[in-house]
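J.: Okay, handing you the structure first.
Taken together, the values in this text are just the output of simple stated rules run on the coordinates, not laboratory data. Being a predicted model, the structure only gives us computed values, none of them experimental. Positions of Cβ are backbone-derived with ideal geometry, glycine not excepted, and every protein chain shown enters the neighbour counts.
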Amino acid sequence: MQMETASVAAFSASVGLSIQKGKTKILKFKADNSNPITLDGETLEDIKSFTYMGSIINAQRSSDADIKPRISKATTAFLQLKNIWSLK
């Protein structure tokens, strides 16, 4: 993964883009190698999960962390509408 990170950084630099090392995080899926990933000598932060476009992505590729909050929000919305639907 270190080689891929360096390759992305090199290509980005070749087209005038830079990677914000302070904002860049690493999420490893089933990685055998636990070595830290560095970019220009700076170690990138390892994270366990993150939210992307409203969906929770985690290292176990489990959707439980994403589905439970969605069900809870849907239940809350339904219960709020129940009062309106019961009006005659």
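J.: Mind checking which of T75, A13, L87 is farthest towards the positive end of the chain's charge dipole, using Cβ charges of +1 (Lys, Arg) and -1 (Asp, Glu) about the Cα centre?
T.: My answer, from the dipole projection, is L87.
J.: Share of antiparallel DSSP beta bridges in the chain, in percent to the nearest 5?
T.: Details: 6 of 8 bridges.
Within the chain, antiparallel bridges account for around 75 percent of the total.
J.: Quick one: what are the phi-derived ³J(HN,Hα) couplings along region 47-62, Karplus 6.51/-1.76/1.60 with θ = phi - 60°, whole Hz, x for glycine and proline?
T.: 10, 9, 7, 7, 9, 10, 6, x, 10, 8, 9, 10, 5, 8, 6, 8
J.: From the phi of every residue in region 11-28, what ³J(HN,Hα) in whole Hz does the Karplus formula 6.51 cos²θ - 1.76 cosθ + 1.60 yield, where θ is phi - 60° and glycine or proline is x?
T.: 5, 4, 5, 5, 10, x, 10, 10, 8, 6, 4, x, 9, 7, 10, 10, 10, 9
J.: Could you list which residues have their amide H under 5 Å from that of I26, counting only those 5 or more apart in sequence or on another chain, with H placed in the peptide plane?
T.: When sequence neighbours closer than 5 places are left aside, the close amide H contacts are E45, D46, I47.
J.: Which whole-Hz couplings ³J(HN,Hα) result when phi for each residue of region 68-80 is put into the Karplus expression 6.51 cos²θ - 1.76 cosθ + 1.60, θ = phi - 60°, listed in order with x for Gly and Pro?
T.: Going residue by residue, I get 4, x, 5, 5, 4, 5, 5, 4, 4, 5, 4, 5, 5 Hz, with x marking Gly and Pro.
J.: 5 Å is the cut-off here: which amide hydrogens, built 1.01 Å from N in the peptide plane, fall below it relative to T38, excluding neighbours closer than 5 in sequence?
T.: Hits under the 5 Å cutoff: L44.
J.: Of (1) 22; (2) 45; (3) 33, which is the value of percent of Cα pairs over 24 Å apart derived from the coordinates here?
T.: (2)
J.: Cα to Cα, under 19 Å, and not fewer than 8 places away if on the same chain: which aspartates and glutamates meet these conditions relative to K48?
T.: Partners within reach: D32, D64, D66.
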